[in-house]
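Notes follow once the structure below has been shown.
The values are calculated or read from the model by the stated rules, or taken from the named source; none is laboratory data. In this text the structure is predicted, and so the values were computed from the model without any measurement. Note that each Cβ is placed from the backbone with ideal geometry, even for glycine, and that neighbours are counted across all protein chains shown. In case anyone asks, the SASA skips ligands and DNA or RNA and just uses the protein heavy atoms, side chains included. Shrake-Rupley method; radii C 1.70, N 1.55, O 1.52, S 1.80 Å.
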Amino acid sequence: MPEIITTIAELRARVAEARRWAHQDGSSDAPVGRVVLVPTMGALHDGHLRLVSSARDLGGFVVVSIFVNPLQFGPGEDLDRYPRTLDADVAALEGLADVVFAPTASEMYPHGPSETRVTAGASGSLFEGASRPGHFDGVLTVVSKLFNIVQPDVAVFGQKDAQQVHVIGRMVDDLNLPVSIAVVDTVRESDGLALSSRNRYLEEDDRLAAVTLSRALAEAAEAAAAGVGEALAAAHARVAAEPAVKLDYLAIVDPETFREASPDHHGPALMLIAARVGTTRLIDNARLTT
């Protein structure tokens with residue numbers, strides 16, 4: 001089983017020890033002393049485990065953080081409802097992670113919600129940021145704290161949270177943080193539904209309707225060669241055919257800027273979708289070429 005650590009001081013000491021041991025041993029094929037971080041909020045599913053497996057493949061000392069970060073939840077969101085399954089999560093990480101960092105909120109924010117925040121700027125006010133004001137400021141603040149606590153060489157994130165990946169990458173570039181970001185493709189169910197901790201909230205009928213999101217993305221990708229407008233039209237038509245899906249946003253963006261692609265955009269693009277299915281809000285995305 002991975003070692004469970006709950007305090008910042010103990011984790012820093014453990015990472016330092018791992019680096020020292022790696023330098024003395026020198027037997028790893030990976031760069032000596034490499035530390036890889038996988039930040040999560042727990043309730044781990046196969047998508048998370050794919051991230052940790054990718055981290056393990058990179059070699060070195062693997063730290064998985066499990067922390068439900070209150071700063072990224074807005075009023076009326078599901079902070080209290082968010083599943084906490086630490087024992088099951090730790091068991092699932094056997095053979096994949098060296099350490100699980102599972103701090104309490106009081107350990108991460110000993111003086112209450114921190115007054116100092118990392119802001120996501122304009123990129124963080126669009127799409128998920130518009131639907132969930134302040135969300136990405138909370139994400140960047142806790143990720144920057146984790147980077148400072150663990151001081152990883154590499155941090156691993158999932159493409160499913162594409163906007164999160166973008167704003168974290170911008171933070172790393174803008175603040176010259178000494179960490180590389182590795183992005184792992186979205187893991188899906190056999191019918192195409194992107195794996196998410198929130199899928200467990202879907203009622204049976206809603207679960208059947210939820211696959212509309214990935215089907216809309218697939219149909220947009222097929223239509224994308226004809227242009228941005230045609231791709232959007234195809235996706236909107238698929239969503240409109242399923243009344244149980246209540247669309248929040250559907251957009252095609254330039255992956256470099258995360259701004260909406262112009263109608264005459266040609267080249268790589270990213271389609272984003274967010275919708276409520278029953279009481280559960282889901283997001284997904286797909287790369288396409290227009």
Check your understanding: Which value, in Å², gives the accessible area per residue of the chain when a 1.4 Å probe is used on the protein heavy atoms?
Key -> 47
Point to revise | Label point distance in nm, Ala182-Glu260, each placed 7 Å from Cα along Cα→Cβ | key: 3.7
Study note, to complete from the structure: For segment 68-149, one quarter of the surface area of the C-alpha convex hull, expressed in nm², comes to 6.6
Point to revise | Degrees between helix 135-150 axis and first principal axis of the chain (Cα, 0 to 90, nearest 10) | key: 20
Check your understanding: Using alpha-carbon pairs under 8 Å, 6+ residues apart, how would you state the relative contact order of the chain in percent?
Key -> 16
Review point. Using θ = phi - 60° and the Karplus curve 6.51 cos²θ - 1.76 cosθ + 1.60, what whole-Hz ³J(HN,Hα) does each residue of segment 80-85 get, with Gly and Pro shown as x?
Key: 5, 7, 4, x, 10, 9
Review point. Which order do Thr40, Thr7 take by accessible area at a 1.4 Å probe, largest first?
Key: Thr7, Thr40
Point to revise | Whole-Å semi-axes of the ellipsoid equivalent to segment 119-190 (Cα gyration tensor, √5λ, descending) | key: 19, 18, 10
Practice item. May I ask for the distance between the Cα centers of segment 263-277 and segment 191-209, given as a whole number of Å? Key: 21
**Study point:** Per-residue ³J(HN,Hα) for segment 117-132, Karplus 6.51 cos²θ - 1.76 cosθ + 1.60, θ = phi - 60°, Hz, x for Gly and Pro
**Key:** 10, 9, 9, 8, x, 4, 4, x, 9, 9, 6, 4, x, 6, 6, 10
Check your understanding: Want the number for Ala225 to Gln24: 0.36 nm per residue separation, take away the alpha-carbon distance, what's left?
Key -> 66.9 nm
Revision key, fill the gap. Here segment 53-61 yields Karplus 3J(HN,Hα) values (6.51, -1.76, 1.60; θ = phi - 60°; whole Hz; Gly and Pro given as x) of 4, 5, 4, 4, 5, 6, x, x, 9
Review point. With contacts defined as alpha carbon pairs under 8 Å and 6 or more residues apart, what's the relative contact order of segment 135-290 in percent?
Key: 20
Point to revise | Centre separation in Å (Cα based) which lies between segment 53-111 and segment 218-256 | key: 33
Study note, to complete from the structure: Only helices counted: for the chain, with every DSSP H run of 4 or more residues adding -39500 (n - 2.57) and the sum spread over all residues, [θ] at 222 nm is -11000 deg cm²/dmol
Check your understanding: What per residue convex hull volume, in Å³, comes out for the chain when only alpha-carbon positions are used?
Key -> 136
Review point. Taking only the alpha-carbon positions of segment 147-257 and ignoring solvent, what does the Debye formula give for the base-10 log of I(q)/I(0) at q = 0.10 Å⁻¹?
Key: -0.40
**Study point:** In segment 1-94, trypsin sites (Lys or Arg not before Pro) in a DSSP loop with at most 15 other beta-carbon atoms within 10 Å
**Key:** Arg81, Arg84
Revision key, fill the gap. The extension gain from Ile4 to Thr104, computed as 0.36 nm times the residue separation minus the Cα-Cα distance, is 34.7 nm
